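Remarks on the structure that follows.
The values are calculated or read from the model by the stated rules, or taken from the named source; none is laboratory data. None of the values given here were measured: they were computed from a predicted structure. Cβ atoms come from the backbone with ideal geometry, glycine included; neighbour counts cover every protein chain shown. Quick note on the areas: whole protein, heavy atoms, side chains included, nothing else; ligands and nucleic acids left out. Shrake-Rupley method; radii C 1.70, N 1.55, O 1.52, S 1.80 Å.
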Amino acid sequence: MSRDLEDEDFIIGQLYADEMVNETPVIAKRVEKIPHGHKNPLGLTYSAEDNLDLYEAVNTWLGVPYKYGGEDRNGIDCSAFVRAIYQEVYHVTLSRTCNEMFQSVTVVDKSRIKEGDLVFFTNSNGKVSHVGIYLKEDLFAHSSTSNGVSVSRLDDSYWKKHFYKGGRVK
């Protein structure tokens with residue numbers, strides 16, 4: 001486990017890890033390289049305006065199992081996944097925990113979330129406990145306790161209930 005996790009973040013993470021995430025991901029395993037102007041198994045058509053580096057980076061992580069405190073392809077938690085994608089795609093180093101990430105973003109209304117923005121969720125204790133990366137068309141990539149790295153819908157009943165805020169990296 002990463003040494004920079006604070007006790008409170010560990011407790012929050014454990015509460016989240018113990019909470020059953022009852023959702024069905026749109027996709028949970030890797031697909032072939034994504035070409036411009038074609039649909040992939042997500043049902044999305046990618047155009048020149050889309051950041052294909054983002055989608056390809058996410059694609060390489062799909063199916064990696066969830067592991068609290070994990071930071072590699074043997075197992076990764078939500079904040080480490082977001083951090084790895086941001087480093088690879090945007091060359092930006094984010095904080096290690098989802099709570100720290102939330103403190104460092106500009107809050108964005110759900111209706112204004114765009115590709116690459118972060119999406120934050122709370123669990124039953126009301127604290128920020130999960131983070132993902134918004135893709136488009138209500139889809140976001142994340143590492144969930146039940147499915148590992150996958151792509152899910154914001155309007156899935158579980159994620160809709162637990163959605164907290166969107167955040168744009170400054």
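Each row is one residue, and each column tells you yes or no for (1) over 15 Å from the mean Cα position of the chain (by Cα); (2) modelled with pLDDT under 65.
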site	(1), (2)
VAL31	yes, yes
THR45	yes, no
LEU52	yes, no
GLU88	no, no
HIS91	yes, no
SER95	no, no
ASN99	no, no
GLN103	yes, no
VAL107	yes, no
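Taking every residue in the range 58-77 that is at negative phi and of a type in the set (A, V, I, L, M, F, W, C) and pairing it with any residue that is open to solvent by less than 40 Å² (accessible area, probe 1.4 Å) and in a loop (DSSP other than H, G, I, E, B), at least 6 positions away or on another chain, the pairs with Cβ-Cβ distances below 8 Å are VAL58/LEU135; LEU62/ALA28; LEU62/VAL31; ILE76/VAL64; ILE76/GLY70. Read through the list (1) modelled with pLDDT of 95 or more; (2) under 18 Å from LYS136 (Cβ atoms); (3) in contact with a Ser or Thr (Cβ under 6 Å, 6 or more places away or on another chain), then give the number of the only condition that PRO25 fails. Checking PRO25 against (1) modelled with pLDDT of 95 or more; (2) under 18 Å from LYS136 (Cβ atoms); (3) in contact with a Ser or Thr (Cβ under 6 Å, 6 or more places away or on another chain), the one that fails is (1).
Quick check on the range 142-150. Is at least one of its residues more than 15 Å from CYS78 (Cβ to Cβ) and in contact (Cβ under 8 Å) with a residue 24 or more places away in the chain? Scanning the range 142-150 turns up no residue that is more than 15 Å from CYS78 (Cβ to Cβ) and in contact (Cβ under 8 Å) with a residue 24 or more places away in the chain. Restricting VAL58, VAL82 to residues that are at pLDDT below 95 and within 19 Å of PRO25 (Cα to Cα) narrows the list to VAL58.
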